[in-house]
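Peer 1: Sharing a structure below in C-alpha cells format, with a few things to ask.
Every number in this text was worked out from the coordinates using simple rules, so none of it is lab data. A quick note: this is a predicted structure, and the numbers were derived from the prediction, not measured. Cβ placement follows ideal geometry from the backbone for every residue including glycine, while neighbour counts extend to all protein chains displayed.
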Amino acid sequence: MNKTERVYNFSAGPSMLPLEVMERAAEELTNYNGCGMSVMEMSHRSKEFEEIIHTAESNLREIMNIPDNYKVLFIQGGGTLQFSMVPLNLLRKSKKADYIVTGTWAKKAAAEAKKFGEVNIVASSEKDVFTYIPEVKKEDFTPDADYVHITLNNTIYGTRYPYIPDTGDIPLVADLSSCILSDEVDVSKFGLIYAGAQKNIGPAGVVLVIIREDLIGFAPNDTPVYLNYKTHADNDSLYNTPPTFAIYMAGEVFKHLKKLGGIPAMEKINRKKAAMLYDYIDSSSLYRCPVEKKSRSLMNVVFVTGKEELDKKFIKEAKAAGLHNLGGHRSIGGMRASIYNAMPIEGVETLIKFMKKFEAENK
Ligand code: PMP
C-alpha cells in the first residue's frame, strides 16, 4: 500500500477522522496560519491558541445548540476519568445516584460511583447480554437521587437509547462518547453530558464536558484541583496546559461538520448508512444482528455468523479486502462495524458488497 492509499477503518475508537480535516492539519502542521510554528509548539496562553479554543467552543455551541446556562469544558483523562469526576462533583446532597446499566462502560461508571456514595441500579439488561435498552419510567428513580446516569450509546453491544428517560427534577447525566454529534440531542434535557473525543470529535486526549451551571461548585473541599469541574469552568479550560493539538483538531472537525450542514445533515447520512447495513443483515441468511430492533445503534453495528471460526475468517478476509477493524470487542467477539460520522457511505457500500460475496462463498 502506498502512503496516500487509505483503508476503510471500522474501528470503534480511535476511529476514522474526516480526510479533509486531516489534510488541512497536515498542510498547517509545521506552520499554523503563518505564525511560524506548529499548534503543537504553541503556548496555550498565546493569542493564536486562545482563538483556537474559543472558536472550537463557539462552533460546538452552535452545532449542538447548547443553552447559555451550560459550560463547555475540555478536560483530559478520557471517558474513564468522567466515571469518577461525575460522582465526586455531583453527589452533593443525598449522596445517592441512580444508574441504568446497559453495557460495560455503564457498569464501569456505576462501579466507580460506588466509591463515593450509594448507587442504585435502576435497570439493567445484563442478563440478556445487553441486547436491548430497558424502558424506565419517572417513578423508577430514587426520589432524592442526586443524579441519574445513562450511557446513551453502548459502543461494545451496539445499542442506543431510543428515548431520553424522563427523570423529572433529577439531573440526567449521560455518556455520549460514541454518539455525540451523530444525531440531534436536546442538551437542555441533561444536567451533564460527557464524551471522549476519539470517535466523532477528534484524536484521543481530550474529553468534552457540557455541564449545567447550577451543578458546578459542590465538590468536597479536599477534591484534587484537577478533578473539580469548577476549576475548569472558572478558567475556561485553561487552568493548566490542556491537550492543545487535540483541541485544535476537534475545532477543525466542528468547522467541517458545520460546513456539511450541521447535525441534521449528518444524522440523515448516518441513518442512511445504518439502515443500509441493518437491512442487509436482516435479509441475509448468514449474518444476524443480536440487538433488538428499536435499540439499535446508528454508530456501532454488531453482527455474527453464529460460528466463531467463520467470524474469524470473515474478519481476516475483510481486512485483506481493505475493510479494517471489523472484529467485535475482545469481551464479546463476533463482528462490529463502527460507522461514525467520518465513515463515508461508500465505505458501508463496500462492506455490504464484501459481506454478500462472503455469504455466497460460505453457504
Ligand atoms: N464510554 C464509552 C461509551 C466508551 O465507548 C468508552 C471507550 N470506548 C469509554 C467510555 C471509555 O473512554 P476512555 O477510553 O476515553 O476512557
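Peer 1: Can you check what the net charge comes to around I345, using other residues whose Cβ is under 13 Å from the Cβ of I345 (Lys, Arg +1; Asp, Glu -1)?
Peer 2: +3
Peer 1: Can I ask one more? Take the chain, connect every pair of alpha-carbon atoms lying under 10 Å apart with a spring to form a Gaussian network, then pick out the residue of A275, A106, A337 with the largest mean-square fluctuation.
Peer 2: It is A275.
Peer 1: Let me ask something else about it. Helix by helix through the chain, keep the DSSP H runs that span 27 Å or more along the axis on Cα and average at least -1.0 on Kyte-Doolittle, and give those back in order.
Peer 2: 262-283
Peer 1: May I pose another question? Sort T244, T231, T30 so the one with the fewest other Cβ atoms within 10 Å of its own Cβ comes first.
Peer 2: Listed from fewest to most nearby Cβ atoms, that is T30, T231, T244.
Peer 1: In the range 22-259, what percentage of the DSSP-assigned beta bridges are antiparallel, given to the nearest 5?
Peer 2: Once the DSSP bridges in the range 22-259 are tallied, antiparallel ones form about 45 percent.
Peer 1: So how much slack lies between E346 and K138, counting 0.36 nm per residue of separation and subtracting their Cα-Cα distance, in nm?
Peer 2: Going from the current span to full extension adds 70.7 nm.
Peer 1: Mean projection of the alpha-carbon convex hull of the range 22-259 over all orientations, in nm²?
Peer 2: 12.8
Peer 1: So which chymotrypsin sites (Phe, Trp or Tyr not before Pro) in the range 253-284 pass both tests, a DSSP loop state and at most 11 other Cβ atoms within 10 Å of the Cβ?
Peer 2: none
Peer 1: Based on other C-beta atoms within 10 Å, arrange Y239, Y70 from fewest to most.
Peer 2: Y239, Y70
Peer 1: Calculate, for E27 and A265, the FRET efficiency according to 1/(1 + (r/R0)^6) with r their C-beta to C-beta distance and R0 30 Å; round to the nearest 0.05.
Peer 2: 0.75
Peer 1: Could you work out how far apart the two model spin labels at M37 and K294 are, taking each label as a point 7 Å from the Cα in the direction of the beta carbon, and quote it in nm?
Peer 2: It is 5.6 nm.
Peer 1: Quick one: what do you get for the range 140-284 if you divide its Cα Rg by 2.2 N^0.38 Å?
Peer 2: Rg over 2.2 N^0.38 Å, computed on Cα atoms: 1.20.
Peer 1: Once Rh is set to the Kirkwood radius over Cα pairs, what Stokes-Einstein translational diffusion coefficient, in µm²/s, holds for the range 26-138 at a temperature of 37 °C and a viscosity of 0.692 mPa s?
Peer 2: 185
Peer 1: Count the net charge of all other residues whose Cβ sits under 13 Å from the Cβ of P242, scoring Lys and Arg as +1 and Asp and Glu as -1.
Peer 2: In short, -2.
Peer 1: Could I ask something else about it? Among Y157, Y194, Y32, what is the fewest-to-most ranking by other Cβ atoms within 10 Å?
Peer 2: If I rank by nearby Cβ atoms, fewest first, I get Y32, Y194, Y157.
Peer 1: Return P(r) of the range 1-68 (all Cα-Cα pairs; 10 Å bins starting at 0; whole %; ordered from short to long distances).
Peer 2: Here the calculated profile for the range 1-68 is 16, 34, 34, 16, 1.
Peer 1: Something else now. Between D279 and N235, what is the label-to-label distance in nm when each label sits 7 Å out along the Cα-to-Cβ direction?
Peer 2: 5.2
Peer 1: Over all alpha-carbon pairs of the range 262-361, lay out the pair-distance distribution in 5 Å bins, whole %, shortest bin first.
Peer 2: Percent of Cα pairs in each bin: 2, 12, 25, 27, 20, 9, 3, 1, 0.
Peer 1: Run the quick spin-label model on T4 and K319: label points 7 Å from Cα toward the beta carbon, then report their separation in nm to one decimal.
Peer 2: 2.7
Peer 1: Treating cross-link reach as a plain straight distance, find the aspartates and glutamates whose alpha-carbon is under 19 Å from the alpha-carbon of K272, omitting any fewer than eight places away in the same chain.
Peer 2: Excluding near neighbours in sequence, the set is D183, E184, D282, E292, E346, E349.
Peer 1: Per the helix-only calculation at 222 nm, which mean residue ellipticity applies to the chain, given -39500 (n - 2.57) for every DSSP H run of n ≥ 4 and division by its residues, nearest 500 deg cm²/dmol?
Peer 2: Using -39500 (n - 2.57) per qualifying helix, the result is -11000 deg cm²/dmol.
Peer 1: Which lysines have a Cα less than 22 Å from the Cα of K108, not counting those fewer than 8 places away in the same chain?
Peer 2: Within reach: K95, K96, K127, K199.
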